[in-house]
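Please treat every number below as a calculation from the coordinates, not as lab data. Every value quoted in this text rests on a predicted model; they were computed, and no experiment measured them. Cβ coordinates were reconstructed from backbone atoms using ideal geometry, including for glycine residues, and neighbour counts include every protein chain displayed.
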Amino acid sequence: MDSLDNYYHFIAEEGIPMSLMNPGSNEIAIIAKKSLIAIEMLKKISVPIVGGDIVTKDEKGELSYAFHDWGESYVYLNFYCNEEKGESKESYVNRSYEVAKKGILEAVKVARKLGKECYIVLVI
């Protein structure tokens, strides 16, 4: 059975706690490839994705926001999706998946170009 608990279990098993970088954070960064699986899990239970932060590992192997490590010009890679006035919930939920996928794929392309790892923090 699909549930939000299954999603949280998946990202906890597959991810890296952001509390390592931001003490007190309950967010989890997951490698980009696994984030696409997480999106599909959320899609099955109609949970919208409000946004996402792009994270990488710095030269010490520690989590860092990608734009801190890759340069300020990459701050645009973080993505968000607000519900538009008058938009149906179903439309918003579906659009949020498309925005998330597009953002993740763009971040992966940049990471490959730079020879870096790419992790995603999904905000739901």
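Show me, for the stretch 73-90, the HN-Hα J-couplings you get by feeding each phi into the Karplus relation (A = 6.51, B = -1.76, C = 1.60, θ = phi - 60°), rounded to Hz, glycine and proline as x.
Per residue, the Karplus-derived 3J(HN,Hα) values read 5, 9, 4, 5, 5, 4, 10, 8, 8, 8, 6, 8, 4, x, 6, 5, 4, 4 Hz.
Quick one: dipole size for the chain, taken about the Cα centre, charges +1 on Lys/Arg Cβ and -1 on Asp/Glu Cβ, in debye to the nearest 20. Intermediate results must be reported in sequence, preceding the final value.
Numbers: 15 positive and 19 negative charges, 83 e Å.
Roughly 400 debye for the chain.
Could you check the spin-label model distance between L105 and V50? Points 7 Å from the Cα along Cα→Cβ, value in nm.
Label at L105, label at V50, 2.6 nm between them.
Of the GluC sites (Glu not before Pro) in the stretch 82-124, which ones lie in a loop per DSSP and count no more than 10 other C-beta atoms within 10 Å?
Numbers: sites: E83, E84, E87, E90, E98, E106, E117; in loops: E83, E84, E87, E117.
In loop regions of the stretch 82-124 (DSSP not H, G, I, E or B), the sparsely surrounded GluC sites (Glu not before Pro) are E84.
Quick check: Cα centre of the stretch 94-124 to Cα centre of the stretch 55-70, how many Å?
Spelled out, the Cα-based centre of one part sits 15 Å from the other.
7 Å from Cα along Cα→Cβ at both E90 and D5: what's the point-to-point distance in nm?
Each label point lies 7 Å from its Cα, and together they span 2.8 nm.
How large is the Kirkwood hydrodynamic radius of the stretch 4-123, counting all unique pairs of alpha carbons, in Å?
Working: mean 1/r = 0.0685 Å⁻¹.
Taking the inverse mean of 1/r over all distinct Cα pairs, the stretch 4-123 comes out at 14.6 Å.
Quick one: helix 4-14 against the long Cα principal axis of the chain, what's the angle to the nearest 10°, folded into 0 to 90?
Around 20 degrees separate the two axes.
Looking at the chain, how many pairs of lysines come closer than 17 Å at the Cα, when each pair is eight or more places apart or spans two chains?
25
Mean separation of Cα pairs under 8 Å and 6+ residues apart, divided by the residue count of the chain: what relative contact order is that in percent? Numbers along the way, then the final one.
Numbers: 183 pairs, mean separation 40.3, N = 124.
Answer for the chain is 33 percent.
Using Cα atoms only, what is the angle between the long axis of helix 32-44 and the major principal axis of the chain, expressed in degrees (0 to 90) to the nearest 10?
With rounding to tens, the tilt is 10 degrees.
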